[in-house]
Amino acid sequence: MDAKYVRGVSPIAITAALSVAVLIAAIGSYIGSATQAQKVVAVAESRKPAERQTYIAIEDADGNGVPDWRDALAEAGIAIATTTEPAAPAAPQDPLATMGSSVLQSVVSGYLSLKEYNQYTPARGEQLAQTIATNLRAPAIFMPHTTDELIIDADTSQERILRYRADMQEATARMVDFSAEPEFTIFARFIATEDTSWLDKLSATAKNYRDVEHAMLAVSTPASAIETHLRAVNALGKFTETLERLVRFANDPIATAALLRTYNEDEREMFLAFDALAKFYVAHVEN
């Protein structure tokens, strides 16, 4: 179990850079070209600076239900959909489904501000996208498991801990795979090739983890291990949810950028949680 996570923890720089690249690929070309955005600027030219943010957010002159700023971008040939045929239907309650709209408003607002003060350059436009990507995080929707869901055993003897460790090894056995690629690499291959078979592979990995999560919940847990056990289960569950959302929003570059930033944090917590579990075994068996 431990070997998988020592090998599988991704270099944060790789997924961070990937998230920036995804976002810049989606919106960087438009903010990097004055000609593409000139219709947006033309619409905003006659408005006072203080009014521009309100205008971008709510004005709908033609009453078509789409904000004017988005209509202007569409006329300029700029892709602005919040989602584009996701690999799987997005859960209605998932806030990632509407993240694209608010992020693009920030991009447009930032672009107009740079133009207003004659400080826009392609490099600054790209930096705007990079700054937004760096601060993106996918809103959490995972509901943590509680002690009410555990089977708790009052016996905390060394013999009981040994049985618990054996049960946990059995429950998590399918997680040990020295040949498996890290999950972020699988997703990167999809981005590079657009071959959905990589999403199928990532989805299968997520299902595998979800099965392990359920198996861990079914393990009878000594009272002394409750906190450590629950941390490991929740860390695995949250990481699994991130993988599932990567598949679900695979064709939404803004949601993807946010999820790749969250991936780092979730995977690191999973590693630390399972490391704490290993330390629990040592402390309660050898002492």
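The values are calculated or read from the model by the stated rules, or taken from the named source; none is laboratory data. These numbers come from a predicted model, not from an experiment. Every residue, glycine as well, gets a Cβ built from its backbone with ideal geometry; the counts of neighbours run over all protein chains shown. To get the accessible areas, we keep the full protein, side chains included, count just its heavy atoms, and leave off ligands, DNA and RNA. Shrake-Rupley method; radii C 1.70, N 1.55, O 1.52, S 1.80 Å.
What are the pairs, 6+ residues apart or on separate chains, where a residue within the range 201-228 that is under 14 Å from residue 173 (Cα atoms) has its Cβ under 6 Å from a residue that is open to solvent by 50 Å² or more (accessible area, probe 1.4 Å) and modelled with pLDDT of 95 or more?
Pairs found: 219/167.
Pairs only if they're at least six apart or on different chains, beta carbon under 6 angstrom, first in the range 158-177 and surrounded by 12 or more Cβ atoms within 10 Å (Cβ to Cβ), second aromatic (Phe, Trp, Tyr); list them, first residue then second.
Correct list of pairs: 165/281.
Which of (1) among the polar types (S, T, N, Q); (2) part of a helix (DSSP H, G or I); (3) farther than 14 Å from residue 206 by Cβ is the odd one out, the single condition residue 242 does not satisfy?
Failed condition: (3).
Look at residue 156 and say whether it is within 14 Å of residue 245 (Cβ to Cβ) and either modelled with pLDDT under 70 or in contact with a strand residue (DSSP E or B) (Cβ under 6 Å, 6 or more places away or on another chain) (or both).
No; evaluated as a whole, the condition is false for this residue.
Just one of the numbered conditions (1) modelled with pLDDT of 90 or more; (2) touching a strand residue (DSSP E or B) at 6+ places or on another chain (Cβ under 9 Å); (3) in a helix (DSSP H, G or I) is not true of residue 284; which one?
The one condition residue 284 does not meet is (1).
Restricting attention to the range 253-275, report how many residues are open to solvent by less than 30 Å² (accessible area, probe 1.4 Å), of a type outside the set (Ser, Thr, Tyr) and closer than 23 Å to residue 172 by Cβ.
Total satisfying the criteria: 6.
When the range 135-151 is examined, which residues are found to be β-branched (Val, Ile, Thr), open to solvent by less than 80 Å² (accessible area, probe 1.4 Å) and at pLDDT 95 or above?
Correct list: 146, 147.
Please tell me if residue 213 is touching a Gly at 6+ places or on another chain (Cβ under 6 Å) and under 21 Å from residue 152 (Cα atoms).
Against the criterion (touching a Gly at 6+ places or on another chain (Cβ under 6 Å) and under 21 Å from residue 152 (Cα atoms)), residue 213 qualifies.
Please enumerate the residues belonging to the range 178-191 that are more than 18 Å from the chain's Cα centre (by Cα) and open to solvent by 80 Å² or more (accessible area, probe 1.4 Å).
If the condition is that a residue be more than 18 Å from the chain's Cα centre (by Cα) and open to solvent by 80 Å² or more (accessible area, probe 1.4 Å), then 178, 179 are the ones that fit.
Regarding the range 205-218, can at least one residue be identified that is open to solvent by 30 Å² or more (accessible area, probe 1.4 Å), acidic (Asp, Glu) and not in a helix (DSSP H, G or I)?
No; the residues of the range 205-218 include none that is open to solvent by 30 Å² or more (accessible area, probe 1.4 Å), acidic (Asp, Glu) and not in a helix (DSSP H, G or I).
At pLDDT below 95, of a type in the set (A, V, I, L, M), closer than 23 Å to residue 93 by Cβ and assigned to a helix (DSSP H, G or I), is that true of residue 255?
Judged against the criteria, residue 255 is a match.
Among the residues that make up the range 165-180, is at least one of them β-branched (Val, Ile, Thr) and part of a helix (DSSP H, G or I)?
No: the range 165-180 contains no residue that is β-branched (Val, Ile, Thr) and part of a helix (DSSP H, G or I).
Got at least one residue in the range 233-242 being of a type outside the set (Ser, Thr, Tyr) and more than 23 Å from residue 152 (Cα to Cα)?
Checking the range 233-242: at least one residue is of a type outside the set (Ser, Thr, Tyr) and more than 23 Å from residue 152 (Cα to Cα).
Counting just the residues of the range 174-213 that are at pLDDT 85 or above and of a type in the set (Asp, Glu), which one comes out nearest to residue 243 (Cα to Cα)?
Checking each candidate, the answer is 183.
Answer with yes or no whether residue 99 is at pLDDT 70 or above, among the hydrophobic types (A, V, I, L, M, F, W, C), open to solvent by less than 40 Å² (accessible area, probe 1.4 Å) and at negative phi.
Yes, satisfied.
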